[in-house]
Each structure stands twice: as C-alpha cells, then as structure tokens.
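Chemist: Following this message is one structure expressed as structure tokens.
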Amino acid sequence: MNNSTELTKPKFDERLDPVTFEVLKNGFINLVDQMAEQILRTCYSFVIYNRDFSCAMCDAEGNTIMQGTQDISVHVGTLHLTAKAVLEDFKGDIHPGDVFLVNDPYRGGTHFNDTRVLLPVFYNGQLISFMQTNGHWADMGGSTPGSFDVNAKDHFGEGVRIPPVRIYSKGEYLEDVVSLIVSNMRIPEERVGDLRAQVEAAKTGERQLIDLVEKYGLETMLVAFDEVQRYVERLAKAKVKSLPNGTWETVDYIDMDPEIGDGLIPIKVKMTITDEEILYDLNGSHPYIGCFLNSGFGASLSAAYAGTKTFFPEIPLNSGFYEVVKVELPENSVVNAPEPIAVTGFCSGAYEKIMNACFELWSTIMPERAIACSFNLEYLLIGGNDSRHGQDNYFMWYDWMAGGHGGRSDRDGVNALSPVFGVGLSVQPCEGQERLSPVLTTKHEIITDSGGPGKYRGGCGVEKGGTLTELNNTVMSYCCDRSRSVTWGIKGGLPSYPHGAWLNPGKENEEFLGAIFSNVKVKSGDSFIRPSAGGGGLGDPLERNPEAVLEDVMDEYVSVERAEKDYGVIIEEVDKNLDQFEIDYEATELSREFIRNNRKQWLEEEPKYVEQLFNKGEIDKLDVIRRYGVVMNYKTNKVLLESTKQFRDTMQKRSFAYWS
C-alpha cells in the first residue's frame, strides 16, 4: 500500500471547466458544513454545542481547501498549521483508519482548549486529504477549572499539552492513549464524548469526499483542490492590486503585565501594501508578559488573516488567501511567545488587539467599510461540586457574553453581538446553563450608555448577573481585558466602557475583582455581575444628528444625562412611560459649543485632579474615560499615571485630531 503524501500532478490541459469548478467549490463548503452539523448534534459539551468549534478540509500537504460557513475565525486561520504539524511528525507513517489528536499552541494551534482531530483520507491507497474538526474542550486540566489560570507563567499550569498523537491506528481505537490524556482533565467522560463527536464528524467529511471522488474521478478532484486555492489567491491579489501601495501603522494595548503593574502593553502593527501582497510587521511589540494573555505565532497569524478578511467579505478563505497576506512576528514577544510561556488567554489578550488594529488600518484605506474598535472577548468560569438533587457531581459553568461592535462608516455599531474573535459563537441560553449547573441567571440586559459616542455610535454592551445556588468546593475565574485599554473610537469617536467583574454587588462584602483573576473561592448564595463593553464611536459625537440621539434615549441606549455630556444634546423628559421626550434645540447649540470649546482642555487635565473629582463623586466613570482620558484602578480608585499617558496618546490620535 502506498502511504506517500505525493500527489499526482495534473496536466495543464486537464484543468476544470467553470461549471464543474463551481459545483465542486460549493460541494466542498457543503461537505465541511455537514461535518459541523454532525458535531452540533453529537457533542457532549455545552461549550461546543454553542458553536465554539470549527471544521476544515485540507489537502494532502496540509493546506486548507475549504472552511465552513459559521466557523470561528481564530480557528480556521490555524488549521492548516495543525495539519502540517501532523505531516511533519508522521510523514511516511500515515495509514487508512488513522486519526490524530493535537492541541499544541506552539505547533501552530491557538490554546490548549482548542483540540483538533485530524483524519487522513485515502483513495486507492493514496493520501488525498485531511478532514479536521476543532472543538473548544471545556477543561484541559491544569491548576484551574476550565484551564484559564491568569497566574500561570508557563503551560504546565494550563492543562494537558497534546503534540500530534495517534488515537486510532489503522481503524483501531487506542483507548489507553485517550485514557492517559483525558484522565488529566476534569469531567473526562465529557471530553471523550466530544472527542468521539469530532471523530464521527471527520468521518462524515471523509464519506462525502469519497462520494465526490467516485463521481468526478480522482484527477478531477485533485485539480479542484488546487484550483479552489488558486481561485482565492487570484481574487485576493486582484483586490490588493486595486488598492494604493503604501505603509500604515498603529498600536493597540493589552491592559498590563501583572509583574509590572501600571503600564499598557503595546502591540504594534505596521501594514504595507505592495502590488499583490499585504505584509503585516509586528516588530516593536512588547516582549511576552507574565500572564496568559500572550499569543503563540499561529494565533497571531490567524488574527492578521481574520482582521484582513473582515474587509474582504466577498473572498472565500483558504490557503490561497495566505499566499497574499504575510505576517512578520518578532520572537519572544507578546505576539509570538515561545514554549513554555503561558498563552491560554491569547483570545482576550493579543489576538483581538491585532484584529482591531487591522480594522483601524483598513478603515483608513477603505473608509466606506470603516469600523471602530469592538468589545473584548471574555470568559467567566465557575467550577466545583454541584450539590443539587442530593448529589455531588463536578460541574463547569463556562460562559461568554455578547457585546457591542464599533461604529461604522455610515451607521451605528451592532448591539449585543458575538465577539470579532468568532461571530459564529452563539450566546449560551440561560435555561440550558441553569439545568446543567447550580448558577441562576438573575440579569441579562443591554447596558445604557455603554456604546462609545460618535457621529455613529458604537453598539451597546450587555450586563449579565447570577447567583450561586447549591454547590461546594467551588472557584471562579475570569479571562478578559480592556479594563484599562478601554475600547476606543476612531475619526473623532469616543471610548466605550471598561470591562471587569464584581462579586456580591450591592452587599457589604462587595468586591471588584477586575478583568482577569483565577481561583477566587465562592460559596452558595454569592452573586456576581459583569458588563461587556460596547463598541467605540466613529466620528465626532457633536456631529451626530440630535434626532438620532433622541431615538437612542427613547430606546434606552443612551441616558438623558449622557446625551448632554457626550453629544451636547439637551433632552427634556415629558413622560418616560409613554416615550415622550423633547429636544431643546437652542440649549443644544449652546451645550455643543461649550463642549467644543473645552474638550481639548479636559483631555489635558492633571490626572490626579481627575482622581479627586471622581472620588468626591463630582464626576463618574464615563466622565473619567471619555472626557478626561484617564485610566484608573477601580479596585483602589487610584489613577494609573503611565497607563493614562499611553491611553491619552491614542485618544489624541484617534479622537482629538479629528475635532474641529
């Protein structure tokens, strides 16, 4: 039997006709989507059920041929790297019936929770493809339930690292290998269930591909694999060729390095367009930091791909796209952390900062598609023993929230949408969570005033609260960011709202836990709330139509108070219950003139003085951020001088420079 990965090279005169090409291209999309449907119907984990998974078909060299229509953006930009890692380790030793497992972020993966199953597909003894399914497993072991430990400095505290390993050998299930892996995880039976769901989904793709090969022939299929990639490459090059050559650069920030304290962590992105190529250069980004918000090289590549693809929605995504978009990542940095540096929180850390930086750069080049910064992905994890029903079973409450996307070139940002990290994610239904875990949702609503002010307002964020019921031996962890590098506006727009979670809000033992923490002990009766930010605003808020501000007040997206402070629009409440409000146009003109004459001075006010005003209750948190550009530690209510300096610098460039 021939186990070679070498493919028969088609002759030039055997290329596909347009009709067959289109049929097969769409057939590949359907094939991958059918794999996704199989996972959705057979997975064990509520996390995967809510679509934190992706699928792909790769060729025999590991290149991505096709992704699905609802895949998570961070996954698909790395699946080809995982396939190539398997080929590198097992070349010449891959057989029909084999299945491989890998989650290694230092071999092109993302973080340990994203666990990939790869099934090689053979036809007449020739390796022709890999089917790949990637699911976010809710726990990978490590020091924290859910495997998100902000205190981890290296991967040894983050869970089980799985380099490419064989879990089926020539059709035989290697139970001992799987048992060794999942025995180091919480709720191992759930992990095995997800594993089997992913394997069966890969087999679904295998069956459909073989059916296509039987119908169209192997040579035609191999030509189609290559042509689908070249098609995307040609489309991307043509698009790039229509754009101006040049270099653009910007910077975004992670909140902090816990080992340093005050000071935002810069991620610098320089983009150069030259004829048919886009080059991202991230040199100058900060060295890797002392917590899990670092990113490995595979995830950072994916961030650049996803940030670009957002502005090229008409172009499919496969390895042909990667021939056009190139990325330089400095070694030993926060965007290219080496093993064994912790990277599990990359999704809330470096990843979305790269994406939003790309958004800002492309908003300059393609202003008709401009979008301001969007809210940051966040996870709240609660793990322990569920003592309901007289039992003591281990549970994992694993939740992410929707939030606001940035204001756009001609309209407001979207409210309460999944993060840019993966807009295919579903918001988890509270009813399902409550059935599975002793956590009762008490609040889930859009936050008034959370959208960044602008000519086009950022979308609004969401606040979710809960109460812990019957449980014991339970801890809470939170993976987030942008409590200091607050979601920003562009072209004169203003920032949104800081992230962070509160324990026992409104009670004597109320505590602000911040945007990253791990292993906080909780007990029955404890409660929590956490807001997600809105998107940043786009354009000068003083240019927003007062009628649009009035509509926002009626919809409770903006309060009467912030309508005046952020937009200079004076609105009188006639009857709130009947949605009767009136604009005082004369007072609005005076209010806007007052803001216009003072806002540049506000942004230069002494930070310590702003701290005093806040602690006296003379200004609120949104004043601190939007008017004064001051960053504070809300555990101590003290100003962070270095972070403020950096944040104000970005506001000078993104907001101040556009104000008349």
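Chemist: Could you give the nm distance between label points at residue 574 and residue 234, where each point is 7 Å from its Cα heading toward the beta carbon?
Modeler: Going by the 7 Å Cα→Cβ label model, 6.2 nm.
Chemist: Of 443/523; 270/638; 600/645; 576/616, which sit over 23 Å apart, Cα to Cα?
Modeler: With Cα atoms farther than 23 Å apart: 270/638; 576/616.
Chemist: So, with a 1.4 angstrom probe, what is the percent of accessible area on the range 40-82 that is carbon and sulfur?
Modeler: Carbon and sulfur together cover 46 percent of it.
Chemist: Antiparallel DSSP bridges in the chain: what percent, to the nearest 5?
Modeler: Around 95 percent of the beta bridges assigned by DSSP in the chain are antiparallel ones.
Chemist: Let me test this: with uniform point scatterers at the alpha carbons of the range 158-230, what is the Debye-based log₁₀ I(q)/I(0) at q = 0.16, 0.22 1/Å?
Modeler: -0.75, -0.99
Chemist: Mind putting a number on the dipole of the range 156-272 about its Cα centre? Charges go on the C-beta only, +1 for Lys and Arg and -1 for Asp and Glu, and I need it in Debye to the nearest 20.
Modeler: 620
Chemist: Heavy atoms only, probe 1.4 angstrom, no DNA, RNA or ligands counted: give me 513, 81 ranked by accessible area, highest first. Provide the component values of the computation, followed by the final result.
Modeler: Working: 513 10, 81 30 Å².
My answer, sorted largest first, is 81, 513.
Chemist: What full-extension length gain, to one decimal in nm, is calculated for residue 435 and residue 582 as 0.36 nm per residue of separation minus the Cα-Cα distance?
Modeler: Working it through step by step, the gained length comes to 48.4 nm.
Chemist: Taking Cα atoms of the range 107-201, Rg/Rh with Kirkwood Rh, to two decimals?
Modeler: Ratio value, two decimals: 1.01.
Chemist: Here's a follow-up. On a 1.4 Å probe surface of the protein chains, which of 227, 214 comes out largest in accessible area, and what is the full order?
Modeler: Ranked list, largest accessible area first: 214, 227.
Chemist: Related question: Kirkwood hydrodynamic radius for the chain: how many Å is it when counted over pairs of different Cα atoms?
Modeler: Working: mean 1/r = 0.0388 Å⁻¹.
Final number for the Kirkwood radius of the chain is 25.7 Å.
Chemist: Then there is this: Would you work out which of 527, 46, 329 lies farthest towards the positive end of the dipole of the chain? Charges go on Cβ: Lys and Arg +1, Asp and Glu -1.
Modeler: Among 527, 46, 329, the one farthest towards the positive end of the dipole of the chain is 329.
Chemist: Additional query: Given R₀ = 41 Å, FRET efficiency for residue 602-residue 260 by Cβ-Cβ distance, to 0.05?
Modeler: Computed FRET efficiency for residue 602 and residue 260 comes out at 0.90.
Chemist: Using Cα-Cα distances under 8 Å and only pairs 6 or more residues apart, what relative contact order does the chain have, in percent? It would help to have the intermediate numbers written out before the result.
Modeler: Numbers: 1706 pairs, mean separation 73.8, N = 660.
Averaging sequence separation for qualifying contacts and normalising by length gives 11 percent for the chain.
Chemist: Let me ask you something else. Mind giving me the nanometre distance, one decimal, between the label points for residue 172 and residue 328, set 7 Å out from Cα along Cα→Cβ?
Modeler: Placing both labels 7 Å along Cα→Cβ, they lie 5.1 nm apart.
Chemist: For the range 207-358, give the percent of accessible area contributed by carbon and sulfur heavy atoms, probe 1.4 Å, rounded to a whole number.
Modeler: Exposed carbon and sulfur together represent 48 percent of the surface.
Chemist: Residues in the range 57-100 near a label at residue 339, defined as backbone nitrogen under 15 Å from the 7 Å Cα→Cβ point?
Modeler: 82, 85-90
Chemist: With the other protein chains left in place, how much accessible area per residue, in square angstrom, belongs to the chain at a 1.4 angstrom probe? Walk me through the numbers on the way to the answer.
Modeler: Working: 24220 Å² over 660 residues.
Ligands and nucleic acids excluded, the figure is 37 Å² per residue.
Chemist: Cα convex hull of the range 279-414: how many Å³ per residue? Spell out each step's value before the answer.
Modeler: On the way: hull volume 21.5 nm³, N = 136.
Spelled out: Cα convex hull of the range 279-414, divided by residues, is 158 Å³.
Chemist: Here's something else I'd like to know. Taking every Cα atom in the range 332-481, find the radius of gyration and the maximum pairwise distance Dmax, and write them in Å.
Modeler: According to the Cα coordinates of the range 332-481, Rg and Dmax are 18.3, 61 Å.
Chemist: Okay, next question. From the C-alpha coordinates alone, can you work out the Kirkwood hydrodynamic radius of the range 544-593, in Å?
Modeler: Taking the inverse mean of 1/r over all distinct Cα pairs, the range 544-593 comes out at 10.5 Å.
Chemist: Can I ask one more? Where the centre of each part is set by its Cα atoms, how far does the range 533-589 sit from the range 365-393, in angstrom?
Modeler: 30
Chemist: Could you report the accessible area of residue 584 in Å², rounded to 10, computed with a 1.4 Å probe on the protein chains as they sit in the structure?
Modeler: For residue 584, solvent-accessible area is about 50 Å².
Chemist: With every protein chain kept in the model, how would you rank 410, 154, 399 by accessible area, 1.4 Å probe, largest at the top?
Modeler: Highest to lowest solvent-accessible surface, that is 410, 154, 399.
Chemist: Between residue 469 and residue 658, 0.36 nm times their residue separation minus their Cα-Cα distance comes to what?
Modeler: 63.0 nm
Chemist: Note down the accessible area of residue 411, probe 1.4 Å, to the nearest 10 Å².
Modeler: Spelled out: residue 411, probe radius 1.4 Å, area about 120 Å².
Chemist: Let me spell out the model: positive unit charges on the Cβ of Lys and Arg, negative unit charges on the Cβ of Asp and Glu, origin at the Cα centre of the chain. What dipole size does that give, in debye rounded to 20?
Modeler: Its charge dipole is roughly 840 debye.
Chemist: Residues of the range 141-167 with amide nitrogen under 11 Å from the 7 Å Cα-to-Cβ point of residue 391?
Modeler: Under 11 Å, as judged by backbone N against the label point of residue 391, lies no residue of the range 141-167.
Chemist: Applying 1/(1 + (r/R0)^6) with R0 = 51 Å to the Cβ-Cβ distance of residue 636 and residue 88, what FRET efficiency is obtained, to the nearest 0.05?
Modeler: Efficiency at R0 = 51 Å is approximately 0.55.
Chemist: Could you look at the range 458-557 and say what percent of its accessible area is carbon and sulfur, using a 1.4 Å probe and all protein chains?
Modeler: 46
Chemist: Just how much of residue 80 is accessible, in Å², when a 1.4 Å probe is used and the result is rounded to the nearest 10?
Modeler: Estimated to the nearest 10 Å², residue 80 gives 10 Å².
Chemist: Sticking with the crude label model, points 7 Å out along Cα→Cβ, report the distance from residue 561 to residue 519 in nm, one decimal please.
Modeler: A separation of 4.0 nm, rounded to one decimal place.
Chemist: State the Cα centre-to-centre distance between the range 228-301 and the range 465-519 in whole Å.
Modeler: Here the two parts' Cα centres lie 27 Å apart.
The values are calculated or read from the model by the stated rules, or taken from the named source; none is laboratory data. Predicted model only: the values in this text are computed from it and were never measured. Here the Cβ is made from the backbone with ideal geometry for all residues, glycine too, and neighbour counts use every protein chain on show. Remember, those area values only see protein heavy atoms, side chains included, never the ligands or the DNA or RNA. Shrake-Rupley method; radii C 1.70, N 1.55, O 1.52, S 1.80 Å.
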